[in-house]
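**Q** The structure under discussion is supplied below as C-alpha cells; questions concerning it will follow.
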Amino acid sequence: MNDLDRLNQILQDQPYIEGFAQPSSVDFSTRSAVKEKDLKGREHLERWFHHLSSYEMTADTVSRSTDNFPQQILDLLASSTEFNSIELAQQWKVDHQKLIGAIKSLLANEGVLATKDVTEKRLELTNEGVQFANEGSPEFLVFQFVGTEGAAQADIMKQPFGKIGMAKAMQAKWVSVDKGLVVRKSTDVVDSTRKFLESLRLGEDVDENQKKELKKRKLISEVNIKGLLVSKGESFTTNLAKQEADLTPEMIASGSWKDKQFKKYNFESLGVVPSSGHLHPLMKVRSEFRQIFFSMGFSEMATNRYVESSFWNFDALFQPQQHPARDAHDTFFVSDPALSTKFPEDYLERVKTVHSQGGYGSAGYNYDWKIEEAQKNVLRTHTTAVSARQLYQLAQEGFRPSKLFSIDRVFRNETLDATHLAEFHQVEGVIAEKNLSLAHLIGVFTEFFKKLGITNLRFKPTYNPYTEPSMEIFAYHQGLAKWVEIGNSGMFRPEMLLPMGLPADVNVAGYGLSLERPTMIKYGINNIRDLFGSKIDLDVVYNTPICRLDK
Ligand SMILES: N[C@@H](Cc1ccccc1)C(=O)O
C-alpha cells in the first residue's frame with residue numbers, strides 16, 4: 001500500500017478526526033490538496049503525512065486546529081458533563097487564552113453554556129528557567145566546557161554561565177579544581193535541572209523536592225491562572241443558529257424576524273469612537289498666537305484677500321518696481337484677472353510721486369513709476385500687504401493708537417525643499433503709536449515671545465524696503481544649540497506712512513514670522529511637507545495633541 005492509499009483508507013475508516021479538517025482526496029504526486037476548500041494546501045498535508053508516519057492515529061496526538069474552536073467545545077460538552085478550561089487547554093495543547101476567547105464567544109448565545117470561575121495555581125518557568133530549559137543548566141554547561149581534557153578555572157569564570165555553573169557543578173561533585181585546573185570527576189552526568197524544567201514547561205508534574213529546589217533557584221514561580229469551569233447551559237445545543245446583529249426592514253416586511261435569533265445587546269462594549277473634525281497643527285498654533293495677541297490688546301486684521309494688486313503688495317510699501325522680489329521668479333502673478341483697476345486716486349498719485357521724485361524729506365528712487373506695474377495682480381507675498389491697507393484705512397478714519405495683527409497664508413514662487421513651501425503662513429503684528437521707538441518694539445517682542453516660552457532674544461540689523469531701521473529677531477534654540485532666526489521686523493518708513501495721510505509724529509512698528517517654523521519645532525516635525533501640502537498624512541492631523549507639555 002502506498003502512502004496515498006493508506007491515507008485514503010484512513011479517511012474511510014475514520015472520516016472525522018477532531019481538530020483536523022480532512023482532505024477528501026489527495027493528489028499525492030504534487031502533494032497538494034484538491035477538492036477541499038478549507039485545507040491550507042501543502043502545509044496541512046505535510047502535517048497529515050507526518051502524522052501518518054510517526055503516530056498512532058488517535059485524536060489526542062493531533063495538535064488541535066483552532067479554526068473551529070467554539071464548535072469543538074460544543075461537541076466535547078455534548079459527550080461530557082463539564083470541563084476545566086485550564087486542563088482542557090493542556091490536554092488539547094492549545095493556548096489557554098484562545099480557548100477562553102472561544103468560550104466567551106459562545107457565551108454570547110444565551111443559555112448555551114454555564115460557566116464558573118476557577119483559579120488554579122500553576123508553576124511557570126521564570127525567564128531564567130526558560131533559558132536553562134532551552135540551553136541547559138549552567139552546571140551542565142560547565143561540565144561540557146571542562147570536557148575530558150579539563151579547563152582553566154579562569155576561562156570558565158569568563159563564561160556567562162561560569163560563576164553559578166562552577167558552584168553547582170562542584171556541589172554536585174561533577175567537577176573538581178586543582179591549582180586552577182578544573183577536571184571532570186564523573187564520566188556521565190544527567191542535566192536533571194533542565195529535564196525537570198522541560199517537564200514543568202509541558203505541564204507534567206515533578207517531584208516536590210525538585211520543585212522546591214527550582215523555586216529556590218528562582219527558575220520557576222507559582223502563578224494563579226484564572227480559568228472557567230464550563231458545563232451545558234439550560235438551552236445547550238451543538239447546533240448554533242446564526243445570530244442576527246441587526247433587525248432589518250426586510251425581516252419585518254417578510255416576518256422572518258420571528259424565526260431568527262438575535263444577538264444580545266452588549267452594554268459593556270466600548271462605543272464606536274465618534275468621528276469629528278480635527279484641527280490641523282498649524283491651526284492649533286495659530287489659535288495660540290491669536291490668544292497671545294488678544295491678551296496684549298491687539299485686534300485682528302481681515303486677511304481674506306489672497307489675490308492682491310502689486311500696488312498694495314509692493315508699491316504702497318515703498319518697494320521699487322524694479323525690485324527683484326517683484327520678479328516672476330519670486331512672485332506668482334495672476335493671469336485672470338491680470339490687473340486691478342480700482343485704487344484710491346490721490347493716494348496712488350502720492351505713492352507714484354514718492355517713488356519717482358521723493359518727498360517728505362526723501363529723495364525717492366528717481367525712476368519712471370508705471371501704473372501698469374502697480375496694477376498687476378499677484379498672490380500676496382506677505383501679510384504686510386494687509387497691514388498696508390489697514391494703515392491706509394486708519395489714516396482715512398482719523399488716526400488712533402492701534403495694535404493690529406494677522407495670521408494667514410502668503411505665497412512665494414520658491415523652490416520646494418524640506419523647509420520651504422510655495423505657500424506658508426505669516427504671523428504679523430503692527431503697532432501704530434505717536435513717538436514710538438525701536439525700544440518699544442523690542443519691548444513688545446520681549447513680551448510676545450515670553451508668552452511663547454522664548455526668553456532669550458537677540459537682534460541683528462537687516463534691510464527691508466519698507467522699514468528703517470530693520471531687525472532680524474533671533475532666539476536661542478536649546479535643541480539645536482544655536483541661535484535661529486525667528487522673525488523680521490522694523491519701523492515702517494515715512495515714505496510709506498506719510499503718503500497714506502498718517503500724522504508725521506506717528507510711528508509704526510511691524511514684525512512678521514512664519515507660523516510653520518514654531519509649529520514644526522513644537523510638534524517635532526522636521527520636514528515642512530509633512531506638515532502642510534498635498535502629501536500630508538492625515539494621521540498627523542488626527543493624532544497631534546491639542547495640548548503639549550512643553551519643556
Ligand atoms: N513682511 C516681512 C515681515 C515684516 C513685517 C513687518 C515689518 C517688517 C518685516 C517678511 O515677509 O518677512
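The values are calculated or read from the model by the stated rules, or taken from the named source; none is laboratory data. The structure presented is a predicted model; accordingly, all values stated were derived computationally and were not measured. Here the Cβ is made from the backbone with ideal geometry for all residues, glycine too, and neighbour counts use every protein chain on show.
**Q** For VAL484, all conditions in the list (1) at pLDDT 95 or above; (2) away from the ligand (no atom under 11 Å from the Cβ); (3) not basic (Lys, Arg) hold save one; what is the number of the exception?
**A** Answer for VAL484: the failing condition is (1).
**Q** So, in segment 440-456, exactly how many residues are over 11 Å from SER489 (Cβ atoms) and either within 12 Å of the ligand (Cβ to nearest atom) or hydrophobic (A, V, I, L, M, F, W, C) (or both)?
**A** Final tally of qualifying residues: 3.
**Q** Then there's this: In segment 193-221, what residues are touching a residue at least 12 places away in the same chain (Cβ under 8 Å) and polar (S, T, N, Q)?
**A** Scanning segment 193-221 gives THR193, GLN210, SER221.
Condition check ((1) within 23 Å of HIS420 (Cβ to Cβ); (2) more than 15 Å from the ligand (Cβ to nearest atom)) across all residues:
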site: LEU438; (1), (2): no, no
site: LYS460; (1), (2): yes, no
site: SER470; (1), (2): yes, no
site: ASN488; (1), (2): yes, no
site: ARG493; (1), (2): no, no
site: PRO499; (1), (2): no, yes
site: VAL508; (1), (2): no, no
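**Q** Would you kindly identify the helices (runs of 4 or more DSSP H) lying entirely within segment 308-375 that contain at least 3 residues that are crowded, with 20+ Cβ neighbours inside 10 Å?
**A** Result: 310-313, 345-356.
**Q** Report yes if some residue within segment 379-387 is at negative phi and either away from the ligand (no atom under 13 Å from the Cβ) or without any contact (Cβ under 8 Å) to a residue 40 or more places away in the chain (or both); otherwise report no.
**A** Looking through segment 379-387, at least one residue is at negative phi and either away from the ligand (no atom under 13 Å from the Cβ) or without any contact (Cβ under 8 Å) to a residue 40 or more places away in the chain (or both).
**Q** Given the conditions (1) within 16 Å of the ligand (Cβ to nearest atom); (2) more than 24 Å from MET301 (Cβ to Cβ), report the number of the one that ASP330 does not fulfil.
**A** The failed condition is (2).
**Q** Restricted to segment 135-149, and to residues that are in contact with a Lys or Arg (Cβ under 9 Å, 6 or more places away or on another chain) and among the polar types (S, T, N, Q), which residue is modelled with the highest pLDDT?
**A** Top of the filtered list is SER137.
**Q** I would also like to ask the following. I'd like the full set of residues that are of a type in the set (Asp, Glu) and touching a helix residue (DSSP H, G or I) at 6+ places or on another chain (Cβ under 7 Å), limited to segment 437-454.
**A** Scanning segment 437-454 gives no hits.
**Q** Okay, next question. Tell me which residues, restricted to segment 414-436, are out of contact with any helix residue (DSSP H, G or I) (no Cβ under 9 Å at 6 or more places or on another chain) and within 15 Å of the ligand (Cβ to nearest atom).
**A** GLU414, ALA422, GLU423, LEU436
**Q** Among the residues of segment 289-302, is there at least one that is surrounded by 13 or more Cβ atoms within 10 Å (Cβ to Cβ), touching a residue at least 12 places away in the same chain (Cβ under 8 Å), in a strand (DSSP E or B) and touching a Ser or Thr at 6+ places or on another chain (Cβ under 6 Å)?
**A** Within segment 289-302, none of the residues are surrounded by 13 or more Cβ atoms within 10 Å (Cβ to Cβ), touching a residue at least 12 places away in the same chain (Cβ under 8 Å), in a strand (DSSP E or B) and touching a Ser or Thr at 6+ places or on another chain (Cβ under 6 Å).
**Q** Answer yes or no as to whether LYS163 is loosely packed, with under 15 Cβ neighbours inside 10 Å, more than 42 Å from the chain's Cα centre (by Cα), outside any strand (DSSP E or B) and not aromatic (Phe, Trp, Tyr).
**A** It is true that LYS163 is loosely packed, with under 15 Cβ neighbours inside 10 Å, more than 42 Å from the chain's Cα centre (by Cα), outside any strand (DSSP E or B) and not aromatic (Phe, Trp, Tyr).
**Q** I want to confirm something. Restricting to segment 94-123 and keeping residues that are among the charged types (D, E, K, R), surrounded by 13 or more Cβ atoms within 10 Å (Cβ to Cβ) and more than 37 Å from the chain's Cα centre (by Cα), which single residue is farthest from GLU222 (Cα to Cα)?
**A** This residue is GLU110.
**Q** Also: Considering every residue within segment 446-460, establish whether at least one is surrounded by 21 or more Cβ atoms within 10 Å (Cβ to Cβ), assigned by TED's automatic domain parsing to the domain that holds GLY524 and farther than 19 Å from GLU308 by Cβ.
**A** Yes; the residues of segment 446-460 include at least one that is surrounded by 21 or more Cβ atoms within 10 Å (Cβ to Cβ), assigned by TED's automatic domain parsing to the domain that holds GLY524 and farther than 19 Å from GLU308 by Cβ.
**Q** Within segment 340-354, can one find any residue that is within 16 Å of the ligand (Cβ to nearest atom), under 29 Å from PHE424 (Cα atoms) and modelled with pLDDT of 95 or more?
**A** No, segment 340-354 contains no residue that is within 16 Å of the ligand (Cβ to nearest atom), under 29 Å from PHE424 (Cα atoms) and modelled with pLDDT of 95 or more.
**Q** I'd like to know if segment 267-285 contains one or more residues that are part of a loop (DSSP other than H, G, I, E, B) and of a type in the set (Asp, Glu).
**A** Yes; the residues of segment 267-285 include at least one that is part of a loop (DSSP other than H, G, I, E, B) and of a type in the set (Asp, Glu).
**Q** Please work out which residue is farthest from the ligand (Cβ to nearest atom), limiting yourself to segment 388-408 and to residues that are of a type in the set (Lys, Arg) and not in a strand (DSSP E or B).
**A** ARG400
**Q** While we're looking at this one, here's another question. Given (1) surrounded by 20 or more Cβ atoms within 10 Å (Cβ to Cβ); (2) over 49 Å from the mean Cα position of the chain (by Cα); (3) among the hydroxyl-bearing types (Ser, Thr, Tyr), identify the lone condition not met by THR193.
**A** (2)
**Q** OK, next. Would you confirm, using the coordinates I've provided, whether GLU244 is surrounded by 12 or more Cβ atoms within 10 Å (Cβ to Cβ), acidic (Asp, Glu) and either closer than 28 Å to VAL112 by Cα or in contact with a Cys (Cβ under 8 Å, 6 or more places away or on another chain) (or both)?
**A** yes
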